[in-house]
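The values are calculated or read from the model by the stated rules, or taken from the named source; none is laboratory data. Predicted, not measured: the structure shown is a model, and the values here were computed from it. All Cβ positions, glycine included, derive from the backbone under ideal geometry; neighbour counts span all protein chains shown. Surface accessibility is based on the protein's heavy atoms, side chains included, excluding ligands, DNA and RNA. Shrake-Rupley method; radii C 1.70, N 1.55, O 1.52, S 1.80 Å.
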Amino acid sequence: MYRSRAWVEVHLDRLRDNAREVQNSVGRASGILPMVKANAYGLGLEVVTRALLPVDPWGFGVATVSEAVALRNGGWTGPALVFSPVTPDDLARAAAADLTLCLSSVDMVERWAAMAASTGQKLRFHIEIDTGMGRAGLPAEEAGEWGAAVQHAAAGKLVWEGCFTHFHSADEPDPAPTDLQWSRFNDALAALPAVAPGEPERLIHVANSAACMRRGGFHCDLVRPGIFLYGGYVGGAVEPFPVAEVHARLVHVREVQAGATAGYGATYTAQNGQRWGTLAIGYGDGLPRALGAAGGAALVRGHVAPIIGRISMDMTTIDLTDVPNANVGDIATLIGRDGDAEILLDEVARQAGTISYEILTGLSPRLPRIYRDD
Ligand SMILES: *Cc1c(COP(=O)(O)O)cnc(C)c1O
């Protein structure tokens, strides 16, 4: 019923398969903390988190307090970690939803402690340690100083539940930058004050998808996979199962003569007679405009149909000359499989000059998400 124009098909069974691949790679001892920020990388927070319950996640990670509140509204009562730094304005909402904050300054630990004192809750936090990412976290090399201040500010009011860092180059072939971050992180941990009597051991976590799949997650308490769950390749031996497919209907088909032009700027001209089709999808749906000039294509009836001219906001023209019997109403595939032909998410990202993450999170709300669980 929603498949009238264009849509995203999300394969929840494959999402779970990918989560199991992560668990296999890191071992049973590490808990899985799936990253479901940005609406689960564009695929739908509520449905994705529900679909992941059978893999027994330790908790879920998001970027913002609003996203974590959405997790709560979806029924998740376990750990809900907010990974981006928050502002003081957000603390009351975070406390009301019993969120776990990832904090990057002693000042925010003090404010969170004051919030805990005022509501009477024992609120939880993790400390981010900056080992080179340079966007959040306390500096690794000063852990001896801030560690004691954090512990003092938290004493009696907060639970210092964990410490983590974030790798900047785990998806690159050279392991050295990641090893350096890992060693800075461990030096920082060693410089922290001992866990106070009666307090739990701090949970340690460092691994994004690439560190999970290529480095086994570094044997930490938790791992934080994101893109691999959603079908993005992170290098290494294991390819993810494709999770998201993008489809659009063919809404117009016609024969054109030599000299016909397609798209804004008329950048494409037919050299001979051709058959052209129009797809009901454009950059306003998140189909990258750059694909038009970069060799992008759609699959129709199991054949490759090149995108011609510039992609418009709502429509995209393709060359159907080599696709027998293409008709109005046919379903074209922009990402996904059609017969023996397949267009991978990462291939589209490369053509568009970006990364799989940006393609997925850029799929606009105009595309309904259709869920399958086979
Ligand atoms: C987004 C994010 C991740 C997940 O990274 P992927 O590369 O998608 O696996 C892990 N940790 C933090 C802190 C993040 O922000």
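Observations
- Screening 16, 3 for residues that are open to solvent by 30 Å² or more (accessible area, probe 1.4 Å) and modelled with pLDDT under 95 leaves exactly one candidate, 3.
- Some residue of the stretch 202-212 being away from the ligand (no atom under 16 Å from the Cβ) and touching a strand residue (DSSP E or B) at 6+ places or on another chain (Cβ under 7 Å): yes
- Some residue of the stretch 10-32 being assigned to a strand (DSSP E or B), closer than 19 Å to residue 364 by Cα and not basic (Lys, Arg): yes
- Residues that are of a type in the set (Asp, Glu) and in a loop (DSSP other than H, G, I, E, B) within the stretch 222-263 comprise just one, 239.
- Some residue of the stretch 199-222 being without any contact (Cβ under 8 Å) to a residue 12 or more places away in the chain and under 24 Å from residue 142 (Cβ atoms): yes
- Single residue of 265, 277 found to be open to solvent by 40 Å² or more (accessible area, probe 1.4 Å), touching a residue at least 40 places away in the same chain (Cβ under 8 Å), of a type in the set (Gly, Ala, Ser) and under 26 Å from residue 313 (Cβ atoms): 265
- The C-beta contact set for the stretch 29-44 (first residue under 23 Å from residue 218 (Cα atoms), second residue open to solvent by less than 10 Å² (accessible area, probe 1.4 Å) and part of a helix (DSSP H, G or I), distance under 7 angstrom, 6+ apart or interchain) comprises 30/217; 32/19; 32/22; 34/19; 34/52; 36/48.
- Residue within the stretch 109-126 that is basic (Lys, Arg), within 18 Å of residue 203 (Cβ to Cβ) and under 30 Å from the mean Cα position of the chain (by Cα) present: yes
- Restricting the stretch 203-218 to residues that are in contact with a helix residue (DSSP H, G or I) (Cβ under 8 Å, 6 or more places away or on another chain) and open to solvent by 10 Å² or more (accessible area, probe 1.4 Å), the residue that is farthest from residue 17 (Cα to Cα): 204
- Flag if residue 8 is under 20 Å from the mean Cα position of the chain (by Cα) and crowded, with 22+ Cβ neighbours inside 10 Å: yes
- Residue among 238, 234, 243, 251 that alone is open to solvent by 20 Å² or more (accessible area, probe 1.4 Å) and within 16 Å of the ligand (Cβ to nearest atom): 238
- Tally, over the stretch 72-87, of residues that are open to solvent by 60 Å² or more (accessible area, probe 1.4 Å) and either over 20 Å from the mean Cα position of the chain (by Cα) or of a type in the set (S, T, N, Q) (or both): 3
- When residue 174 is tested against the conditions (1) open to solvent by 60 Å² or more (accessible area, probe 1.4 Å); (2) within 31 Å of the chain's Cα centre (by Cα); (3) touching a residue at least 24 places away in the same chain (Cβ under 8 Å), the lone failure is (3).
- Residue tally, condition in a strand (DSSP E or B) and among the β-branched types (Val, Ile, Thr), over the stretch 194-221: 1
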